[in-house]
Amino acid sequence: MLCYGVEMLDEQIERIRNEFESDTQRARSPQDLHNKYLGRKSGLVTLLLKQLQQVPAAEKPNAGKRINELKLEVEAGLDRLESEAAAQALAVRLESERVDVTLPGNRRPAGHAHPLTLVRSEIEEIFSFMGYSVEDGPEIESAFYNFEALNIPEHHPARDSQDTFYISDSLLLRTHTSPVQIRTMQKQRPPLRIICPGKVYRRDNPDATHSPAFQQIEGLAVDEGLTFRDFKGTLEFFLKSFFSQKTRVRFRPSYFAFTEPSAEVDISCIFCSGAGCRVCKASGWVEMLGAGMVDPAVFRYVDYDPEKLAGFAFGLGIERFAMLKYSVNNIQHFYDSDLRFLEQF
Ligand code: PHE
């Protein structure tokens, strides 16, 4: 395709321009078009520039100018194509990586305190409000602390091996938290106000209300001039704070070897308000604590002077409190570690 005059050249320029126009509209890749028009060996515009040599000298400047214009147009067109292609690629990428910020997030499951821990903490709080401190004692206990120092002599029925897990003749798993009364009085001088939460063990078969391992809270107050009224007032305040101010409290005579007089403490049934239901076995009352005034015989074991001092003590089962507070009808739920149960608290 030789060219001998400006006219022919103009035709060629026009043809290439049109071709380029339609090429750009057919959305070919900018790189392909660059090769086709500006490629170093056979690009259409490149070839045209090469033909410039054959153009007569007089027409060269003019012809050169026109080819150059075409070249600039093609370059500008390619630039535009390139930026359009880049913009389109970006749009595609943004669309495919789109994040829906309105979707709900993934909540990490968070644990929380076990219901028995919640009840224990609440009871601890009520008693620390009244000035009680929290004591601790061993779960493996000696027969001396678990029984003897609590005025439970050798052949007392509570010592029966049916109730107690023995480790040896003199070592056992404590059957109640009362041995901590003795341990605390041995290391502290009165006045004394303590509670002791902890695990206790009894040879009971597991059922809806029994477990061979459960938790108690022991309480003990010792001072000069403490009376049965202090004892009643303290437990009434505690039970009303824990359950409700409307709860009525009743003290029934009972027997424990280490308290005299002893009492079992009932509350008006929180389910039927005393009218009578299945939980309170139609009596209107539910037994919550064993308690009493510290027996002088116990003071003698720890070298406290029973002539000067008086005290009261109580023991409660944490599971029992939790069952009533949360309407749980089977103690085993607390030990099953079933999240469907635990997540309710
Ligand atoms: N330790 C007794 C029990 O486990 C409860 C109790 C504690 C009674 C303190 C009186 C005083 O049954």
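Values quoted throughout were computed directly from the atomic coordinates according to the rules given, and no laboratory measurement underlies them. Just so it is clear, the structure is predicted and the values come from calculations on it, not from any experiment. Positions of Cβ are backbone-derived with ideal geometry, glycine not excepted, and every protein chain shown enters the neighbour counts.
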Problem set entry | Between helix 228-242 and the chain: long-axis angle, C-alpha atoms, 0 to 90°, nearest 10 | 20 degrees
For this session: Provide His155, His333 in ascending order of the number of other Cβ atoms located within 10 Å of each residue's Cβ, fewest first.
Result: His155, His333
Exercise. In units of 2.2 N^0.38 Å, what is the alpha-carbon radius of gyration of the stretch 23-179?
Worked result: 3.17
Exercise. How are the C-alpha pair distances of the stretch 281-334 spread across 5 Å bins, as whole percents from the shortest bin up?
Worked result: 4, 15, 18, 14, 12, 9, 10, 10, 6, 1
For this session: With springs only between Cα atoms under 10 Å apart, run a GNM on the chain and tell me which of Ala275, Ala91, Ala221 wobbles the most.
Result: Ala91
For this session: For the chain, compute Rh as the Kirkwood radius over C-alpha pairs and then the Stokes-Einstein diffusion coefficient at 37 °C and 0.692 mPa s; write the answer in µm²/s, rounded to an integer.
Result: 119 µm²/s
Problem set entry | Nonlocal amide H pairs with His114, under 5 Å, H built at 1.01 Å | none
Exercise. Any idea how far the Cα center of the stretch 200-219 sits from the one of the stretch 112-136, in Å?
Worked result: 19 Å
Exercise. Going by average Cβ neighbours within 10 Å, how do the peptides 57-67, 228-238, 310-320 rank, with the highest at the top?
Worked result: 310-320, 228-238, 57-67
Exercise. So how far, in whole Å, is the C-alpha centre of the stretch 307-325 from the one of the stretch 137-182?
Worked result: 18 Å
Seminar exercise, completed: Over the chain, the sum of -39500 (n - 2.57) across DSSP H runs of at least four, divided by residue number and rounded to 500 deg cm²/dmol, gives at 222 nm -12500 deg cm²/dmol
Exercise. Mind checking the angle between helix 60-96 and the chain's longest principal axis? C-alpha axes, 0 to 90 degrees, to the nearest 10.
Worked result: 20 degrees
Seminar exercise, completed: The equivalent-ellipsoid semi-axes of the stretch 6-96, taken as the square roots of five times the Cα gyration tensor eigenvalues and listed largest first in whole Å, are 32, 11, 10
For this session: Can you tell me the FRET efficiency between Leu52 and Leu94 if r is taken as the Cβ-Cβ distance and R0 is 56 Å, rounded to the nearest 0.05?
Result: 0.75
For this session: Give me the lysines in straight-line cross-link reach of Lys246: C-alpha distance below 16 Å, same-chain residues under 8 apart excluded.
Result: Lys325
